Amino acid sequence: MPLRLARTNAEAHLYMELNPCENCGEREFEPTDTIILAEGDLASRYSGTCPRCGVYREFVFRLPDEVIIPDPEEPVFGDDSPSTLIDAGEWLWIADLIARSTPAEPEDGMTPADRQQIRLELRTAAAAVGEAAKFVPPGADTVPADAVWSPRGRAVYDDEPGRFRLSRLQVVQRTYRNIADRFQDANA
C-alpha cells in the first residue's frame, strides 16, 4: 500500500489521536518523530510504545511537496486538496466534539487565556468543517458517499446526510468562525 500523505503535522497528529492502540485502545501516544526515506519519498515516521500496554506503534506518512507553516492563531490541516487520512465524516465528528465542549458566548470570570483557548478551539472546529467541504467535487453540491470510509465517519454520514451539502458546510464553518470572533472581541 502506498504511503498516505499527511498534509501537515497537525493532520498527522490528529490521525494518530483518532487511531488508538490496536492492542489496548489507549489514545495517549507520545511518539518520537523522524524524517525518513520510504518508498522513494520523504516521510515522517512517528514511533514509540503505548504507555498502557507497551506495544510498539508506528505511523509513517508521506511528506507534502510544500510544507505549510502553522499559524498558532489559525489552525490549518492541509492545502486545498481533501485529506487521504481522515474522511469527511470524521472531520465533522471532530468539529462536533469541539463545538459541544465550548461555550457559545464569553462568560463572566473567563480569563484572557480562557478566551484565547476557546477561540482557538472554535477556529479548529471551523477548520475541520472546512476540511469536510474539500471533499465536494468541483461543480457538485455535496460530499459524495465514497468520501466517507471510516466507521466513525460513516455513522455521522448515515445519521444526517444533509449535513454534507456544501451550502450547509459553509454556513456551519462561518458560524463557528463568527462565534470564535466573539471571544476575540471580548478579549480585546
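Each value in this text was obtained by applying a stated rule to the coordinates, not by laboratory testing. For clarity, every value in this text was computed on a predicted model and none was experimentally measured. Using ideal geometry, Cβ is built from the backbone for each residue, glycine included, and neighbour counts are taken over all protein chains shown.
Here are the numbers for this structure:
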item: Theoretical gain in end-to-end length, Cys24 to Arg45 [0.36 nm per residue, Cα-Cα removed]; result: 5.4 nm
item: CD proxy at 222 nm, helix term only [per DSSP H run n ≥ 4: -39500 (n - 2.57); per residue of the chain; nearest 500]; result: -13500 deg cm²/dmol
item: Span-like helix ranges in the chain, DSSP H, alpha carbon extent 27 angstrom or more, Kyte mean at least -0.5; result: 112-133
item: Over segment 9-62 - Rg/Rh using Cα atoms and the Kirkwood inverse-distance radius; result: 0.98
item: Kirkwood Rh in Å, taken over all unlike Cα pairs in the chain; result: 17.8
item: Ranked packing of 119-132, 34-47, most packed first, by mean Cβ within 10 Å; result: 119-132, 34-47
